[in-house]
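The values are calculated or read from the model by the stated rules, or taken from the named source; none is laboratory data. As the structure is a prediction and not an experimental result, all values here were calculated from the model. Neighbour counts are summed over all protein chains in view; Cβ atoms, including those assigned to glycine, are modelled from backbone coordinates with ideal geometry.
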Amino acid sequence: MGDVDRLRDAGLRVTAARVAIMHVVREGDHPDVDTIYRAVRDRVGQVSLQAIYDGLHALHGVGILRKVEPMGSPARYEARVGDNHHHLVCRRCGTVADVDCATGAAPCLDPVDAAGFIVDEADVIYWGICPSCQSRTA
């Protein structure tokens with residue numbers, strides 16, 4: 001299914017900026033808003049930063065894009081949705097990488113006490129040093 005069809009199926013208006021946002025996020029590696037803004041501007045010409053924020057908010061809201069928010073880092077976006085995967089984040093350079101579910105089926109982790117909640121998703125971020133940063137210090 002193409003980007004235009006995904007937008008229509010989600011009940012969103014199809015715009016050049018939204019299609020470009022989806023393409024940039026899908027082709028990128030967990031890009032942040034500034035990266036998305038520059039790439040969309042290169043693809044479609046004049047576009048405001050607010051239009052990018054609005055588009056990301058709409059696409060995230062309907063579940064087409066996922067927002068990843070590592071503590072101390074800008075929000076990142078990805079097109080891999082619906083599989084409850086997690087992320088690895090490098091403490092030095094901020095690289096973000098996908099890692100499949102920790103154990104078992106979603107939500108992957110069972111809390112000791114769910115406090116009456118029905119848990120349907122776990123969002124885990126593993127922190128460490130990526131291979132590239134490791135080789136720079138060796």
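Does region 105-120 hold any residues that are at pLDDT 75 or above and not hydrophobic (A, V, I, L, M, F, W, C), and which are they?
Selection gives Pro111, Asp113, Gly116, Asp120.
I need the helices (runs of 4 or more DSSP H) fully contained in region 1-83, keeping only those with at least 3 residues that are surrounded by 18 or more Cβ atoms within 10 Å (Cβ to Cβ) and among the polar types (S, T, N, Q).
Because the criterion is at least 3 residues that are surrounded by 18 or more Cβ atoms within 10 Å (Cβ to Cβ) and among the polar types (S, T, N, Q), no helices (runs of 4 or more DSSP H) in region 1-83 meet it.
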